[in-house]
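Novice: Questions regarding the structure given below will be posed in turn.
The values are calculated or read from the model by the stated rules, or taken from the named source; none is laboratory data. The structure presented is a predicted model; accordingly, all values stated were derived computationally and were not measured. Using ideal geometry, Cβ is built from the backbone for each residue, glycine included, and neighbour counts are taken over all protein chains shown. Calculation scope for accessible area: heavy atoms of the full protein, side chains included, ligands and nucleic acids excluded. Shrake-Rupley method; radii C 1.70, N 1.55, O 1.52, S 1.80 Å.
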Amino acid sequence: MVQEKTAPPPGAPPAASREDAPGGPRWRDPLGRTAAVAAGGLLLFLAFPPLGFWFLAPLGAALVIRAVHGARPRRAAWLGFAGGLAFLGPGLHWVTPIGVDAWLGLIALESLFYAAWAAGTALVVRLPLWPLWSAALWVAMEWARGTFPFGGFPWARVAFSQGGSVFTPYAALGGAPLVSFAVVLCGGLLALASLRAPGPPGRRDRAGAPPAVPAAAPAPVPPAERLPVRSSARSAALPIALPIALPLAGALAVPAAAFAVPRPGDEGRSVTVGVIQGNVPGRGMTPLGDEPAVVLRNHTGKLHEMARAVREGAMARPDVVVLPENSTDIDPYRSETARAEIDAAVRDVGVPVLVGAVVGVGEKHRATRSLVWDPVTGPGAYYDKQKLVPFGEFTPMQDLVLALFERAGLVGKQSVPGTRDGDLRLGPVTVGAVNCYEVAFDGVVRGTVRTGASPLVVQTNNATYALTGLPAQQLAMSRLRAVEHNRAVVTAAITGISASVTPEGEVVWRTRELVQDMAVLKIPVRTRETVATRVGALPEWALILVGTAALAAVPVLRRRVPARPVTRSGDQQVGDV
């Protein structure tokens, strides 16, 4: 038996569907949604260094979530992909020195993760408290990006736009994942507020709804039952204002609550660290130049210069000195000349020096090494980089990639990862060595800090990407790590940006790029752990579990709960937000 549909009475508004998100036709139109999600992606990019408008990150997340809300999962996936392209296209433009094709391939691959997040968000927004679930899914998405494929690529996580913002203290509580969660949650609450906001008068008529036709004249109301117009307007405004005020208050409370995060204080200890930036002769894909040993001489020459400045009283005497990753372009284990030149410079400065070198491991492999060089005993303890750059330090699917791309051969010998944490005794302190790309990986930094090492020392070689956004983005990561683990961070970069970051995340000294520079700095030494250091990845896994559970709950609730009728109060959709 087929039940006939009853026609609505004359003048009744058309029924709204679950896909009919509030906000007018611009949010239902595919082009309007795409424009909104692209604008959101662009705002996320602007939040990152070198521009660093961190306060735009919640607004960008709000636009992306707002565009996805009410869309079917398939369409939402496309929107997420488009938003990922708009965000990562300019955000990862620093990859173009390797090749435009490499840049396009990378952003296309990484945008797939944003597509998956958007499809999941399109489902969980059907649940109560959906800003929480969409933010938890964002954390899951960033975890997946940092894990797959080829060891992951955790660059451009939302947390790394917040190196010095009101959200930064959350790093000391739950690390980078909690910072990302807080920013996206704030954006989700802003999106919810916009969904509850009333639209301009007459919007539905402009959207194409037929004008109301009165079926009959209304019955006269006795004077005693008439309400004053002002009282009626006030009572009508309350149901609208209250639902809007709640998510707006939440959006303000999220960053405000960060100031309550407990953080350890100063311990009254310090170490004097010399930092050297020697620069390189080349650019782009050949930054070390064609003539061997130029990079080695640049850095040993600055060591001799520092030693002279100390003897003349122009500089304080350092306790230790830190050179960048690749500060020698000649393997000191295999070249007596390189070994003698480094040894002479270290003896001249008279204190232990942390040297960055690429050294041979057997005949077919190599390692990126942080090597302690003592002025008396020479080379000693070392740390080998654990997280290697795909297609830069090793080649995944080597036979296929080498057959397709001639540039892949520039990798040369394949690097092998280290197997231990980066705690190295250097003079009066045990420093925590972190090599370049590794600063983006939570586990590597956390493992080194848990050894008790302090301060952190980030040796980096950004020469291929000089004057792009990468050096500034990497410095922002160091700022977040400083707060996350209550550690000062000393960054020694071969071409810049070398810097000193306090445990509070403040940059107190930094260099320009593509210049030689050096400094002797007083660095605080702290060993107390933050909550984030102690609990490790637990907050991240808890948020991933919450997001996954919310996603699993969608079909269960749809089976158990009958669909509520969707009505409209003025221009506001009621019943599904």
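Novice: Just give me the residues in segment 138-153 being open to solvent by less than 30 Å² (accessible area, probe 1.4 Å) and part of a helix (DSSP H, G or I), in sequence order.
Specialist: Answer for segment 138-153, where residues must be open to solvent by less than 30 Å² (accessible area, probe 1.4 Å) and part of a helix (DSSP H, G or I): Trp138, Val139, Ala140, Met141, Glu142, Ala144, Arg145.
Novice: Same structure, new question: Being surrounded by fewer than 18 Cβ atoms within 10 Å (Cβ to Cβ), more than 18 Å from the chain's Cα centre (by Cα) and either modelled with pLDDT of 95 or more or within 28 Å of Phe53 (Cα to Cα) (or both): is that true of Arg450 here?
Specialist: yes
Novice: While we're looking at this one, here's another question. Report whether or not Ala71 is touching a residue at least 12 places away in the same chain (Cβ under 8 Å), touching a helix residue (DSSP H, G or I) at 6+ places or on another chain (Cβ under 9 Å) and in a helix (DSSP H, G or I). Break it down stepwise before answering.
Specialist: Numbers: touching a residue at least 12 places away in the same chain (Cβ under 8 Å): yes; touching a helix residue (DSSP H, G or I) at 6+ places or on another chain (Cβ under 9 Å): yes; in a helix (DSSP H, G or I): no.
Spelling it out, it is not the case that Ala71 is touching a residue at least 12 places away in the same chain (Cβ under 8 Å), touching a helix residue (DSSP H, G or I) at 6+ places or on another chain (Cβ under 9 Å) and in a helix (DSSP H, G or I).
Novice: Still on this model: Select from segment 347-381 the residues that are part of a loop (DSSP other than H, G, I, E, B) and either in contact with a Ser or Thr (Cβ under 6 Å, 6 or more places away or on another chain) or hydrophobic (A, V, I, L, M, F, W, C) (or both) and write down the one among them that is nearest to Thr300 (Cα to Cα). Walk me through it before giving the result.
Specialist: If we filter segment 347-381 for residues that are part of a loop (DSSP other than H, G, I, E, B), which is where we start, we get 350-352, 362-364, 375-377.
Among the residues that remain, those that are also either in contact with a Ser or Thr (Cβ under 6 Å, 6 or more places away or on another chain) or hydrophobic (A, V, I, L, M, F, W, C) (or both) are: 351, 376.
Numbers: Val351: 14, Val376: 17 Å.
Here the answer is Val351.
Novice: What residue, among those in segment 505-526 that are assigned to a loop (DSSP other than H, G, I, E, B) and within 21 Å of Ala463 (Cβ to Cβ), is farthest from the chain's Cα centre (by Cα)?
Specialist: Within segment 505-526, the first condition is being assigned to a loop (DSSP other than H, G, I, E, B), and the residues that meet it are 505-506, 511-516, 526.
Then drop every residue that is not within 21 Å of Ala463 (Cβ to Cβ), which leaves 511-516.
Working: Thr511: 23, Arg512: 23, Glu513: 23, Leu514: 26, Val515: 28, Gln516: 29 Å.
Among them, the one singled out is Gln516.
Novice: I'd like to verify a number: residues in segment 463-477 that are buried (at least 24 other Cβ atoms within 10 Å of the Cβ) and in contact with a Leu (Cβ under 8 Å, 6 or more places away or on another chain), how many?
Specialist: The number of residues fulfilling the criteria is 1.
Novice: Give Gln473, Gln516 a once-over and let me know the one that is closer than 19 Å to Pro169 by Cα, out of contact with any Asp or Glu (no Cβ under 7 Å at 6 or more places or on another chain) and of a type outside the set (Ser, Thr, Tyr).
Specialist: Gln473
Novice: In segment 267-295, how many residues are charged (D, E, K, R) and either outside any loop (DSSP other than H, G, I, E, B) or surrounded by 14 or more Cβ atoms within 10 Å (Cβ to Cβ) (or both)? Walk me through how you get there before you give the answer.
Specialist: At the first step, the residues of segment 267-295 found to be charged (D, E, K, R) are 267, 269, 283, 290-291.
Filter again for either outside any loop (DSSP other than H, G, I, E, B) or surrounded by 14 or more Cβ atoms within 10 Å (Cβ to Cβ) (or both), leaving 267, 269, 283.
Of the residues in that region, 3 qualify.
Novice: Can you name the residue in segment 18-51 that is in a loop (DSSP other than H, G, I, E, B) and open to solvent by less than 30 Å² (accessible area, probe 1.4 Å) and is also modelled with the lowest pLDDT among such residues? Let's see the steps before the verdict.
Specialist: Applying the first criterion (in a loop (DSSP other than H, G, I, E, B)) to segment 18-51 yields 18-24, 29, 48-51.
Among the residues that remain, those that are also open to solvent by less than 30 Å² (accessible area, probe 1.4 Å) are: 20-24, 48-49.
Details: Asp20: 39, Ala21: 42, Pro22: 44, Gly23: 46, Gly24: 45, Phe48: 98, Pro49: 96.
If we take residues in segment 18-51 being in a loop (DSSP other than H, G, I, E, B) and open to solvent by less than 30 Å² (accessible area, probe 1.4 Å), then Asp20 is modelled with the lowest pLDDT.
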